[in-house]
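Here's a structure for you.
The values are calculated or read from the model by the stated rules, or taken from the named source; none is laboratory data. Because the structure is predicted, anything quoted here is derived from the model rather than measured. Reconstructed Cβ throughout: ideal geometry from the backbone, glycine too, with neighbour counts over all protein chains shown.
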Amino acid sequence: MTESTRRAVASGAAAIVLQACGGDAPTQTLPMFGALQLDTVLEVGAAEGAEWETFGGIWDVQAAPDGRFAVLDLEVPAVRVFDASGGYIGSVTDEGVTAGTLDRPSGLAWSAPGELLVWDPGNSWVHRFRVSDSGVTFVDARRAFAFGETGFCSIRGRTYLSFWSLDDLVVHEVGPEGLANSFGPAPDITGVETLGPELQEIAIEELTPSALLCTEAGVLDASFFGPQIRFHDLDGSLLWGRDLQDFNRIEIYTPDDMGLGRRFDPSEGSHLLQSVAAWGDGVALVQHAMPKREFPEPGEVEVLESRLVRLQDGEEIDRTHDLPPVLAAEGTRLYSVEDTPFPHVIVLEVQGQD
């Protein structure tokens, strides 16, 4: 992913979010899109104020079952933690390459009550912090090495990353001593066969990882650039795998044999994964942006396509273009981000439940 794309994402206009979901699975049954009503509960973020109130570029938001939520500000970098009412709890702001510090963090996950993980491929640590009413405290860290885009999620102390490895697998469980298990063959990339050997390896490494969603039943991985979506149990056994329907692929090519380029459908737009989040019990929300070109024209309206996918068998059960971007969901709350007039988190409450 290019730096320009990263910044466009982090601005909140369309964030590729390496979604993580941890803790107990929600028990609510959320409505289909046609019956959905959303009320704004609170907003976090300001144009000016205390350091923790102002965000430079929001990259990830993750919520815990008790209502606490963490916000990853990629620009600072910093992780800010808030309680269920939006009250400030504490931050992680120390920069560096040692355990407990931030370099280029890219993912958050609540792995247990009061336990927040921060994945930082910049310094190759998965950091663990204890979150209480009195603040955020560093506990320990484990090594994890990965390059390119990486998915990240954790549940009940089991932590998963998505990155391409030399054995052509893209989902990996990370234990205290390193990789504990690997599964999920890398998906195909449209156009990769037209590249030279060196660019092929770069394209595969950068474009095959998936966004991850951890649930009690297993790990969902959805390809960032392709239609593939799969569900494995927590030990890596494939429960089902399928391709999303009505999917416009992004085509990879090389301009002047000098680097990777991406071609989008100029009329309908091509699917580019933005987020994967829980949608109540047994359903996942999968959101794709539909860009028509690498860099949008000024004033171009972004199209966001949202699908509901049943975790039991992978069937798509609903679809809409009317839902705002959702970076995380927990219970009946959805967490969205906007950057106008300044970056801020919007917490929405789902009404009209079945």
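Of everything in region 322-331 that's under 19 Å from the mean Cα position of the chain (by Cα) and assigned to a loop (DSSP other than H, G, I, E, B), which residue is nearest to ALA211 (Cα to Cα)? Spell out the reasoning first.
Keep residues of region 322-331 that are under 19 Å from the mean Cα position of the chain (by Cα), which gives 323-331.
From what's left, assigned to a loop (DSSP other than H, G, I, E, B): 323-327, 331.
On the way: LEU323: 19, PRO324: 19, PRO325: 15, VAL326: 14, LEU327: 12, GLY331: 20 Å.
Out of the qualifying residues, it is LEU327.
Residue by residue through region 314-354, note down the ones that are charged (D, E, K, R) and under 19 Å from SER85 (Cβ atoms).
Scanning region 314-354 gives GLU330, ARG333, GLU349.
Another question, then. Given the criteria in contact (Cβ under 8 Å) with a residue 60 or more places away in the chain and in a helix (DSSP H, G or I), does LEU213 qualify? Show your work before the answer.
Numbers: in contact (Cβ under 8 Å) with a residue 60 or more places away in the chain: yes; in a helix (DSSP H, G or I): no.
It is false that LEU213 is in contact (Cβ under 8 Å) with a residue 60 or more places away in the chain and in a helix (DSSP H, G or I).
Identify, please: which residue in region 170-191 is of a type in the set (A, V, I, L, M, F, W, C) and surrounded by fewer than 19 Cβ atoms within 10 Å (Cβ to Cβ) and is, among those, farthest from ASP256 (Cα to Cα)? Even if it seems obvious, please write down each step before you answer.
Taking region 170-191 first, the residues of a type in the set (A, V, I, L, M, F, W, C) are 170-171, 174, 179-180, 183, 186, 189.
Now drop any that are not surrounded by fewer than 19 Cβ atoms within 10 Å (Cβ to Cβ), which leaves 179-180.
On the way: LEU179: 38, ALA180: 41 Å.
My answer is ALA180.
Could you tell me which of the residues GLY299, GLY269 is closer than 25 Å to LEU213 by Cβ and of a type outside the set (Val, Ile, Thr)?
Values: GLY299 fails: closer than 25 Å to LEU213 by Cβ.
Among GLY299, GLY269, only GLY269 is closer than 25 Å to LEU213 by Cβ and of a type outside the set (Val, Ile, Thr).
Restricting the search to region 241-299, which residues are hydroxyl-bearing (Ser, Thr, Tyr) and more than 22 Å from the chain's Cα centre (by Cα)? If you could, list the steps in order and put the result at the bottom.
Going through region 241-299, the residues hydroxyl-bearing (Ser, Thr, Tyr) turn out to be 253-254, 267, 270, 275.
Of everything in region 241-299, those that are hydroxyl-bearing (Ser, Thr, Tyr) and more than 22 Å from the chain's Cα centre (by Cα) turn out to be TYR253, THR254, SER267.
Taking region 238-253 only, how many residues are without any contact (Cβ under 8 Å) to a residue 40 or more places away in the chain and in a loop (DSSP other than H, G, I, E, B)? Working first, answer last.
Within region 238-253, the first condition is being without any contact (Cβ under 8 Å) to a residue 40 or more places away in the chain, and the residues that meet it are 239, 243, 246-247.
If we keep only those that are in a loop (DSSP other than H, G, I, E, B) as well, we get 246-247.
So the answer is 2.
Could I ask something else about it? Quick test for you: out of ASP133, ASP94, pick the one residue that is of a type in the set (Asp, Glu), within 18 Å of GLN62 (Cα to Cα) and out of contact with any strand residue (DSSP E or B) (no Cβ under 6 Å at 6 or more places or on another chain).
Details: ASP94 fails: within 18 Å of GLN62 (Cα to Cα).
Going through ASP133, ASP94 in turn, the sole match is ASP133.
Further question on the same structure: Considering only region 141-209, give the strands (runs of 3 or more DSSP E) lying wholly within it that have at least 2 residues that are among the hydrophobic types (A, V, I, L, M, F, W, C) and at pLDDT below 95. Don't jump to the end; show me each part of the working.
Working: elements: 151-155, 158-162, 169-175, 178-185.
Result: 178-185.
Now, a different point. Please go through region 278-292 and give me each residue that is outside any strand (DSSP E or B) and either touching a strand residue (DSSP E or B) at 6+ places or on another chain (Cβ under 9 Å) or in contact (Cβ under 8 Å) with a residue 60 or more places away in the chain (or both), ordered by number.
If the condition is that a residue be outside any strand (DSSP E or B) and either touching a strand residue (DSSP E or B) at 6+ places or on another chain (Cβ under 9 Å) or in contact (Cβ under 8 Å) with a residue 60 or more places away in the chain (or both), then TRP279, GLY280, ASP281, GLY282, MET290, PRO291 are the ones that fit.
Just to confirm my filter: which strands (runs of 3 or more DSSP E) fall fully inside region 56-121 and include at least 1 residues that are within 18 Å of the chain's Cα centre (by Cα) and either in contact (Cβ under 8 Å) with a residue 40 or more places away in the chain or surrounded by fewer than 18 Cβ atoms within 10 Å (Cβ to Cβ) (or both)? Full working, then the answer.
Working: elements: 58-63, 69-73, 78-82, 88-92, 107-112, 115-120.
In region 56-121, the matching strands (runs of 3 or more DSSP E) lie at 58-63, 69-73, 78-82, 107-112, 115-120.
Please find, among LEU238, LEU213, the residue that is farther than 13 Å from LEU272 by Cβ and under 20 Å from the mean Cα position of the chain (by Cα).
Working: LEU238 fails: under 20 Å from the mean Cα position of the chain (by Cα).
Residue meeting the stated conditions: LEU213.
Would you mind telling me which numbered condition in (1) charged (D, E, K, R); (2) modelled with pLDDT under 95; (3) closer than 30 Å to LEU199 by Cβ ASP60 fails?
Against the list (1) charged (D, E, K, R); (2) modelled with pLDDT under 95; (3) closer than 30 Å to LEU199 by Cβ, ASP60 comes up short only on (2).
Suppose we filter LEU234, LEU220, LEU238, LEU244 for residues that are of a type in the set (A, V, I, L, M) and in contact with a Pro (Cβ under 9 Å, 6 or more places away or on another chain); which single one remains? Explain how you work it out, then say what you get.
On the way: LEU234 fails: in contact with a Pro (Cβ under 9 Å, 6 or more places away or on another chain); LEU220 fails: in contact with a Pro (Cβ under 9 Å, 6 or more places away or on another chain); LEU238 fails: in contact with a Pro (Cβ under 9 Å, 6 or more places away or on another chain).
Checking each option against the conditions leaves just LEU244.
What number of residues within region 254-277 satisfy the criterion of being surrounded by 16 or more Cβ atoms within 10 Å (Cβ to Cβ) and part of a strand (DSSP E or B)? Steps first, answer last, please.
As a first pass, look at region 254-277 and keep what is surrounded by 16 or more Cβ atoms within 10 Å (Cβ to Cβ): 254, 260, 262, 264-265, 269-277.
Checking which are part of a strand (DSSP E or B) leaves us with 262, 272-277.
So the count comes out to 7.
In addition: Of all residues in region 200-229, how many are surrounded by fewer than 24 Cβ atoms within 10 Å (Cβ to Cβ) and touching a strand residue (DSSP E or B) at 6+ places or on another chain (Cβ under 9 Å)? Before the answer, list the steps.
Residues of region 200-229 surrounded by fewer than 24 Cβ atoms within 10 Å (Cβ to Cβ): 200-206, 215-218, 226-228.
Then drop every residue that is not touching a strand residue (DSSP E or B) at 6+ places or on another chain (Cβ under 9 Å), which leaves 203, 215-218, 226-228.
Total meeting the criteria: 8.
Among the hydrophobic types (A, V, I, L, M, F, W, C) and more than 20 Å from THR208 (Cα to Cα): is that true of TRP279 in this structure? Let's see the steps before the verdict.
On the way: among the hydrophobic types (A, V, I, L, M, F, W, C): yes; more than 20 Å from THR208 (Cα to Cα): yes.
Here the answer is yes, as TRP279 does meet what is asked.
I would also like to ask the following. Just one of ILE346, ILE317 is aliphatic (A, V, I, L, M), touching a Ser or Thr at 6+ places or on another chain (Cβ under 9 Å) and either under 25 Å from GLU51 (Cα atoms) or surrounded by fewer than 16 Cβ atoms within 10 Å (Cβ to Cβ) (or both); which is it? Before you say what the answer is, go through the steps one by one.
On the way: ILE317 fails: touching a Ser or Thr at 6+ places or on another chain (Cβ under 9 Å).
Only one candidate passes the filter, namely ILE346.
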